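Just so it is clear, none of the values below were taken in a lab; they were calculated from the coordinates. Fair warning: this is a prediction, and the values are worked out from it, not measured in the lab. As a convention, Cβ positions derive from the backbone with ideal geometry for all residues, glycine included, and neighbour counts pool all protein chains shown.
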């Protein structure tokens with residue numbers, strides 16, 4: 001092969017690897033561009049996923065915060081309604097007899113309405129003491145009108161005792177007040193026949209004590225004729241008021257439950273407890 005032929009062959013031989021290299025480089029460049037596009041797409045997808053997760057987390061946080069606020073408002077509303085009901089029961093003897101039922105029903109309905117939102121939002125450890133407080137409010141509502149007749153009558157009779165020795169006093173009014181008080185406090189322990197036998201004596205002593213008006217005496221006698229089973233709880237004792245003591249205990253249990261359920265629950269209620277108001281009544 002001559003030099004001329006070799007010279008003509010060299011470009012052709014060199015053209016093969018150069019063409020192959022150019023094709024390989026073009027393919028590699030395309031692959032890199034595709035990888036870059038795919039990587040960018042992955043980054044965008046990851047960013048979108050992170051943004052969605054952050055949005056979801058923020059939404060859940062706002063939802064939980066809203067639920068906490070709603071629970072706090074429901075707890076405070078129920079406690080305030082129960083306190084207002086208890087205060088009404090305590091004030092009932094000082095309210096005109098004809099207006100007592102309406103006042104009592106108004107505040108009893110308020111407590112019933114206030115527990116509704118709480119039942120929807122509260123966890124079991126909170127709703128149980130709430131329902132116990134609600135049940136006692138219902139019981140107290142049924143007894144409050146009779147209680148407002150009996151307890152003030154007993155207090156009036158106590159105020160009519162002799163300042164020295166009620167049992168040894170020979171003053172007619174003092175003695176009548178003492179006997180009437182004894183009859184009323186012991187009334188539920190007597191059987192129906194004994195109560196019928198002492199009914200006239202009770203009426204005489206109530207009149208002779210001059211501690212009650214004719215209307216008050218009539219209401220006490222009507223209550224004595226019925227002698228409801230709740231009589232001992234309504235009577236209580238010299239310093240005890242079992243119905244209100246029970247209410248105070250259930251209120252305290254509910255308040256403890258709200259604090260345990262939400263450690264920072266801002267229960268905005270008056271610092272004076274039901275027990276304190278009972279002691280002052």
Evaluated at q = 0.17, 0.23, 0.25 Å⁻¹: base-10 log I(q)/I(0), Debye formula over Cα of the stretch 134-228: -0.73, -1.15, -1.28
Most exposed first, judged by fewest Cβ atoms within 10 angstrom, 174, 97 run 97, 174
Simple spin-label estimate for residue 191 and residue 105 in nanometres, 7 Å along Cα-Cβ: 4.0 nm
In nm, spacing of pseudo-spin labels at residue 207 and residue 225 (7 Å Cα→C-beta vector): 1.5 nm
